[in-house]
Amino acid sequence: MPTYPYSPTPHMHKANNMIMLNRENQYLRYTAIHFLEQSPENRLAILEELGIARYGFLTKLVFNETNLICIMQFLQNPDQLKYPILIGADLSNLNLDSVNFMQGNLSYANLQNSSLRNANLIFTNFTGADLRNADLIGATVSQAIWLDALVDGCKLGLGIGLTTIQKKDLQARGALFNFVDDKD
């Protein structure tokens, strides 16, 4: 790199980049706060404007620090967003029936008491997630990752897509099976 009079040193470039990153993160945080402060209808309008209305479940998130970080990830590069990244998200007590979390990362997410009936959870990563008392009746869970997931009281209905070994493992950890896969 050529050195010019009064040009910043490589160390100064690094410091300026850090300041820029902090400003970018601050703006992203502000934008995410603004999003979470909106009504569900306004949130959906924002998602439509960004071209990510397929993630309509974001309109249901409660405003807390965990979800703020998740929203920042969604807003950072919405045009490059392929699969939901909800690491550590607080999705507890939500109705997420028929949601498409295919290939999503829900590691360490809180899904306690949530309803995910008939959801597409194929290839979803539930590592360390809290699914206690969640309702996944009718959900398709083929190739989902259940490592260290808390599943006590989680209703998996017929366990669509689970292998026999997965069913036995989840049942040993408190998951419930053999519910009729309908809404009655």
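The values are calculated or read from the model by the stated rules, or taken from the named source; none is laboratory data. Because the structure is predicted, anything quoted here is derived from the model rather than measured. Methodologically, a virtual Cβ is constructed for each residue, glycine included, from the backbone with ideal geometry; neighbour enumeration extends over all protein chains shown.
Answer yes or no as to whether ARG132 is surrounded by 15 or more Cβ atoms within 10 Å (Cβ to Cβ), basic (Lys, Arg), at pLDDT 95 or above and assigned to a helix (DSSP H, G or I). When the stated conditions are applied, ARG132 does not pass them. Scanning the range 148-160 for residues that are out of contact with any Gly (no Cβ under 7 Å at 6 or more places or on another chain) and modelled with pLDDT of 95 or more gives LEU150, CYS154, LYS155, LEU156. For the range 75-93, the set of residues classified as surrounded by 20 or more Cβ atoms within 10 Å (Cβ to Cβ) and not in a strand (DSSP E or B) consists of LEU75, PRO84, LEU86, ALA89, LEU91, listed by residue number. Residue pairs whose Cβ atoms lie under 6 Å apart, sitting 6 or more positions apart in sequence or on different chains, and linking a residue in the range 144-166 that is touching a residue at least 12 places away in the same chain (Cβ under 8 Å) and part of a loop (DSSP other than H, G, I, E, B) to a partner that is acidic (Asp, Glu) and surrounded by fewer than 18 Cβ atoms within 10 Å (Cβ to Cβ), are GLY157/ASP181; LEU158/ASP181.
Among the residues of the range 44-74, those that are under 23 Å from PHE126 (Cβ atoms) and loosely packed, with under 14 Cβ neighbours inside 10 Å comprise ARG54, VAL62, ASN64, GLU65.
Name the residue, out of GLN38, GLN112, that is modelled with pLDDT of 95 or more, over 30 Å from CYS154 (Cβ atoms) and part of a loop (DSSP other than H, G, I, E, B).
Numbers: GLN112 fails: over 30 Å from CYS154 (Cβ atoms).
From the options GLN38, GLN112, the qualifying one is GLN38.
In the set (1) under 13 Å from the mean Cα position of the chain (by Cα); (2) among the aliphatic types (A, V, I, L, M); (3) within 19 Å of LYS82 (Cβ to Cβ), the condition left unmet by ALA129 is number (3).
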